[in-house]
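Okay, structure first, notes after.
What follows draws every value from the coordinates through simple rules; no lab data is involved. Every value quoted in this text rests on a predicted model; they were computed, and no experiment measured them. Heads up, the Cβs are rebuilt from the backbone with ideal geometry, glycines too, and the neighbour counts pull from every protein chain shown.
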Amino acid sequence: MTSSNRTQLALVRETTPGVTPTTPRMRKVRMTGESLQFGPTYVDSEEIRDDRMLGDPIKTNQASSGGINGEISYPDDGSPLSEILMSAFENVWANTPQFFNDGTADSVITDAGTVASTYAVASGGAAVKLGHLVRASGFAQGPNNQVFRASASTGTTVVGAAGLVAEVAPPGTAKLKVVGFAGAAGDITALVDGLGSTALDFTTLGLVVGQWIKVGGAADITQFAFLVTAGAKARAAAYARVTAIAAQKLTLDNLPSGWAADPGTGKTIWAFFGDQIKNGVAPNSMTIERGFLGQPVPSYIVNIGMQANTFNVDMQSGDKLKWQATFTGLGGSIGTVTLDASPDPVTTGVVMAANANVGRLGVNQVQLGSPNWAKGFSIQINNNLRTLDAVDSDAPVAINDGECTVTGKVTTYFGSATEVQAFYNGTPRPINSRIAKNGQALIFQVPRAVYRGGGNPQATAKNTDVMADFDYQASQDVVTNAHVLLDRLEYVE
């Protein structure tokens with residue numbers, strides 16, 4: 001026998017659906033439960049027998065499917081949750097420029113500080129542009145771990161850091177990642193509808209319409225005066241969404257409460273942004289392995305060609321943030337030899353929660369608040385997958401996708417008629433939710449949603465609050481060309 005507490009779940013991305021990579025690098029999955037399954041399917045003979053007996057069942061096919069449940073923590077690039085999100089969105093992450101030794105010292109990042117203010121990289125350094133904020137982490141020499149404004153770059157160098165100590169073979173943990181942008185002193189200004197600049201060219205930074213930024217750093221000199229005056233809570237909530245990008249102007253909506261024009265005199269303004277993914281048309285499949293380690297000789301059950309059919313995110317007041325994925329696959333096997341005897345350990349990011357970590361649930365560019373406070377929010381992506389069977393194969397030969405259907409629910413206190421009226425009128429509502437913890441942030445957005453169910457406030461009993469639940473469905477947003485988007489900001493202040 002074995003215990004669920006000794007179950008190991010690991011996965012790897014496939015290049016060819018249904019084909020596990022040779023010597024795969026498996027990564028352990030954080031989960032709260034799983035319902036994965038693989039097995040044959042059978043039919044019975046229709047023959048009529050005079051002895052009233054039945055022959056053996058007849059195997060016809062094999063099926064691979066099931067689900068994984070988990071709690072939301074920051075999905076580091078390449079982590080299992082990041083891979084599952086890619087499968088659910090049917091797209092790849094649009095990452096900011098990054099350089100990571102990923103376990104192999106002196107590989108991607110080959111030097112720090114031998115040349116003053118300079119990190120050396122194997123290739124791709126020119127992707128870092130003047131004005132990018134770069135975070136250096138994981139270096140053996142403490143001074144080499146810092147956030148700095150890039151002043152120059154080449155194919156093999158990133159320049160701008162101060163006070164570096166020579167480190168000729170950076171360790172496997174060394175990483176450089178673009179986490180935002182910064183202006184020179186007095187360059188970036190706050191406009192009533194965004195940010196302006198004189199020298200910094202916003203079009204060079206890799207920003208896209210629909211992306212979220214966080215304005216201001218921890219130091220007062222990196223933040224506008226009106227936000228410094230407003231206090232820590234206002235500074236932490238200074239997020240906005242990009243709607244247009246010009247050389248000297250970044251137009252924003254969903255601006256924080258109290259946003260005002262500010263010349264930024266004497267300030268070196270910082271702004272943070274991150275990676276983004278949106279629904280697309282590029283299926284991503286995985287090999288998933290379960291190891292039942294409590295057995296004297298562990299059994300390993302492998303599901304191949306697994307694509308996320310549905311992915312749910314649930315945010316409810318007073319609870320942890322949860323996710324659930326269901327998969328459709330191409331086949332599987334069982335054995336006593338694991339695919340990877342030394343899988344990558346689970347990530348260590350903390351679990352995020354409602355209330356404490358959800359900084360915003362916005363509808364129609366305004367944070368839901370008095371008198372219609374938000375109680376809960378959910379998103380479901382459904383890829384409407386279907387397997388293709390061939391008469392000469394005992395397992396599905398391919399998976400076809402269907403429509404990307406995005407639905408969910410917004411639950412509010414019934415404080416006014418505003419959202420109910422939007423339901424009655426069929427008025428599209430942009431919806432977004434921001435979660436931040438330990439200097440990292442996630443922002444889910446459904447840029448165009450229509451309430452098509454719920455919307456019926458009811459007094460169900462005495463001494464209760466009247467609630468309003470709204471079931472929504474996403475439709476194409478022509479600005480972002482998406483139903484659903486997710487921004488992940490690896491580092492914010």
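Here are a few things to note about the model shown:
- Prolate/oblate/rounded call for the stretch 74-207, Cα gyration tensor, a/c under 1.5 rounded: oblate
- Rounded to 10°, Cα long-axis angle of helix 80-89 versus longest principal axis of the chain: 80
- Using the rule -39500 (n - 2.57) for each DSSP H run of four or more residues, divided by the residues of the chain, the 222 nm mean residue ellipticity is -1500 deg cm²/dmol.
- Projecting the Cα atoms of Ser107, Gly155, Val179 onto the charge dipole of the stretch 98-181, computed from C-beta unit charges around the Cα centre, puts Val179 farthest toward the positive end.
- Arranged from fewest to most other beta-carbon atoms within 10 Å of their beta carbon, Ile109, Ile381, Ile221 become Ile221, Ile381, Ile109.
- Residue-wise HN-Hα coupling along the stretch 116-123, computed from phi with Karplus coefficients 6.51, -1.76, 1.60 (Hz; x: Gly, Pro): 3, 6, 10, 9, 9, 10, 5, 6
- Net charge dipole size for the stretch 418-493 [Lys, Arg +1 and Asp, Glu -1 on Cβ; Debye, nearest 20]: 100
- Cα gyration tensor, the chain - rounded (a/c under 1.5), prolate or oblate: oblate
- Cα-centred dipole magnitude for the stretch 183-273, charges only on beta-carbon of K, R (+1) and D, E (-1), debye, nearest 20: 220
- If R0 is 30 Å, the Cβ-Cβ spacing of Ser299 and Tyr42 corresponds to a FRET efficiency of close to 0.85.
- Residues whose amide H comes within less than 5 Å of that of Ala482, counting only those at least five positions distant or on another chain, are Asp477 (H built at 1.01 Å from N in the peptide plane).
- Each 10 Å bin from zero up to the one holding the largest Cα-Cα distance in the stretch 383-436 carries the following percent of pairs: 16, 28, 20, 16, 14, 5, 0.
- For the stretch 53-69, Karplus couplings with θ = phi - 60° (6.51, -1.76, 1.60), whole Hz, Gly/Pro x: 9, 10, x, 4, x, 9, 6, 10, 7, 10, 10, 10, 6, x, x, 9, 10
- Subset of Lys322/Lys375; Lys129/Lys278; Lys129/Lys175 violating a 21 Å alpha-carbon distance limit: Lys129/Lys278
- Here's the picture: charge each Lys and Arg Cβ at +1 and each Asp and Glu Cβ at -1 in the chain, and of Thr7, Gly78, Leu321 the one pushed furthest to the positive end of that dipole is Leu321.
- Using the Cβ-Cβ distance between Ser257 and Asp76 with R0 set to 35 Å, the FRET efficiency from 1/(1 + (r/R0)^6) comes to roughly 0.65.
- Residue order, fewest to most beta carbons within 10 Å, for Trp93, Trp270: Trp93, Trp270
- Amide hydrogen neighbours beyond the local backbone of Asp344, cut-off 5 Å, H modeled: Met26, Arg27, Lys28
- Each of Lys175, Lys462, Lys129 was scored by other Cβ atoms within 10 Å of its Cβ. Listed from fewest to most, they are Lys462, Lys129, Lys175.
- In this structure, the amide hydrogen of Ala152, modeled 1.01 Å from its nitrogen in the peptide plane, lies closer than 5 angstrom to those of Val159, counting only residues at least 5 positions away or on a different chain.
- Values of log10 I(q)/I(0), in the order q = 0.21, 0.28 Å⁻¹, for the stretch 1-54 under a Debye, Cα-only, solvent-free model: -0.99, -1.17
- Inter-probe distance in nm under a simple model that places probes 7 Å from Cα toward Cβ, at Asn463 and Ile334: 5.3
- Taking N as its residue count, the alpha carbon Rg of the stretch 183-273 over 2.2 N^0.38 Å: 0.96
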